[in-house]
Amino acid sequence: MEKEIKYVDMVEQPIAMHPKKFGLWLFLVTIVMVFAGLTSAYIVRQSEGNWLEYELPSIFWFSSAIVIISSVFLQFAYVSAKKDNLLGLRIGISLAVLFGLGFLVSQWFSWVALVDENVFFVGNPSGSFLYVFTGLHAVHLISGVIFLIIVLISTFRYKVHSKSLDTLEMATTFWHFLAALWLYLFMFLLLNH
């Protein structure tokens with residue numbers, strides 16, 4: 001009897017990832033680099049002096065709670081989609097969008113509070129950094145809300161369900177990232193203010 005010899009292919013298979021998900025992860029890395037650079041610049045500039053001392057708007061605590069709640073609702077939507085619970089999916093995304101808009105409104109009120117404290121975009125670097133941090137985050141959050149609205153419309157067209165989760169997974173990843181980014185910025189400002 002001849003023994004059959006089997007050759008094992010030693011070539012590793014590449015990790016397969018949806019191209020759009022890969023693009024999203026590259027985008028997230030870019031955002032991390034931008035904010036890492038800004039927070040580093042903040043620390044360097046703060047150490048040089050001529051730094052306006054002021055109280056952070058207390059509404060930042062409220063907006064932090066809002067963004068966490070919106071992430072919870074979006075996670076609920078994702079779990080609902082995995083179970084083909086379309087009503088839960090739609091409710092979860094709708095509430096995530098509403099709380100995301102609430103976060104943007106709270107950020108506007110934080111700028112109003114800063115103006116009331118005589119902290120402006122120009123005049124002192126400490127105020128400028130705060131406006132840049134919150135404004136740049138708000139721009140990304142607006143894009144996240146638009147993304148969620150697109151996914152919500154897709155749910156009404158029955159394009160998001162347990163066998164078609166790619167778009168929802170990307171929206172959920174982006175949204176959770178934005179929530180974590182805000183919490184990082186807020187903690188950074190609390191510790192370095």
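A few remarks follow.
- In a residue-by-residue description of the stretch 93-107, the property of being part of a helix (DSSP H, G or I), surrounded by fewer than 21 Cβ atoms within 10 Å (Cβ to Cβ) and more than 20 Å from the chain's Cα centre (by Cα) applies to no position.
- Selection status of T172, in a helix (DSSP H, G or I), among the hydroxyl-bearing types (S, T, Y), within 19 Å of S70 (Cα to Cα) and more than 14 Å from the chain's Cα centre (by Cα): no
- Any hit, the stretch 9-17, residues being closer than 29 Å to V139 by Cα, open to solvent by 50 Å² or more (accessible area, probe 1.4 Å) and at pLDDT below 95: yes
- Members of the stretch 108-128 that are open to solvent by 80 Å² or more (accessible area, probe 1.4 Å) and part of a loop (DSSP other than H, G, I, E, B): N118, F120, F121, V122, G123
- Check on V67, among the β-branched types (V, I, T) and under 21 Å from T134 (Cβ atoms): yes
- Pick from the stretch 69-92, criterion aromatic (F, W, Y) and over 15 Å from the mean Cα position of the chain (by Cα), ranking: least open to solvent (accessible area, probe 1.4 Å): Y78
- Unique match (being assigned to a loop (DSSP other than H, G, I, E, B), aromatic (F, W, Y) and either in contact (Cβ under 8 Å) with a residue 40 or more places away in the chain or open to solvent by 80 Å² or more (accessible area, probe 1.4 Å) (or both)) among W61, W51: W51
- Flag if G135 is assigned to a helix (DSSP H, G or I), out of contact with any Gly (no Cβ under 7 Å at 6 or more places or on another chain) and among the small types (G, A, S): yes
- Answer residue from the stretch 139-193, given it is over 14 Å from F35 (Cβ atoms) and in contact with a Gly (Cβ under 7 Å, 6 or more places away or on another chain) and is surrounded by the most Cβ atoms within 10 Å (Cβ to Cβ) among those: W175
The values are calculated or read from the model by the stated rules, or taken from the named source; none is laboratory data. All of these numbers come straight from a predicted model, not from anything done at the bench. So basically every Cβ, Gly included, is an ideal-geometry build from the backbone, and we count neighbours across all protein chains shown. Keep in mind that these areas ignore ligands, DNA and RNA; they rest on the heavy atoms of the full protein, side chains included. Shrake-Rupley method; radii C 1.70, N 1.55, O 1.52, S 1.80 Å.
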